[in-house]
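Since every read-out is calculated from the coordinates, none of them should be taken as a lab result. As the structure is a prediction and not an experimental result, all values here were calculated from the model. Cβ atoms come from the backbone with ideal geometry, glycine included; neighbour counts cover every protein chain shown.
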Amino acid sequence: MHYNSQRPLPRGALSAIKRARSVDVPLPHLYRPAEVAEAFGCSEWWVKEQARRRRIPFTRVGGAYRFTAEYFVEIVAVFEERPVWGLGSVSRPVPDPAVVPARWNETVPKVQLRAKPPRRASGSNSAPAAA
């Protein structure tokens, strides 16, 4: 990587780089969308689309989406779904008849649907017949 003399580094960036080199901090592994998709069992396109729509955390390096292990955990948490009826019971409870709204007990009459005739068959746009 080369230094661009036309675009200076932000203030304090050079000292932060020197501190990071002296501490020997390992860089985090950045996962590609294909690796994340394989782990989740979905398509690479889906991972990229979620990142593009900003629904999942990501890092963009060199114009490409990258994900850390921490982001991976956050993605799982974002799409986590809990049972609606509590943790102990997954089955739906039986509603109390006194609480059920009346419209749920009503039967819906069946209505026979009919298609409209096509406009061209109605004859309103056709040329008048010769007399």
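Residues that are part of a helix (DSSP H, G or I) and of a type in the set (V, I, T) were ranked within segment 60-81; the one that is surrounded by the most Cβ atoms within 10 Å (Cβ to Cβ) is I75. Whether any residue in segment 29-50 is touching a residue at least 12 places away in the same chain (Cβ under 8 Å), in a loop (DSSP other than H, G, I, E, B) and surrounded by fewer than 16 Cβ atoms within 10 Å (Cβ to Cβ) is what I want to check. Yes: segment 29-50 contains one or more residues that are touching a residue at least 12 places away in the same chain (Cβ under 8 Å), in a loop (DSSP other than H, G, I, E, B) and surrounded by fewer than 16 Cβ atoms within 10 Å (Cβ to Cβ).
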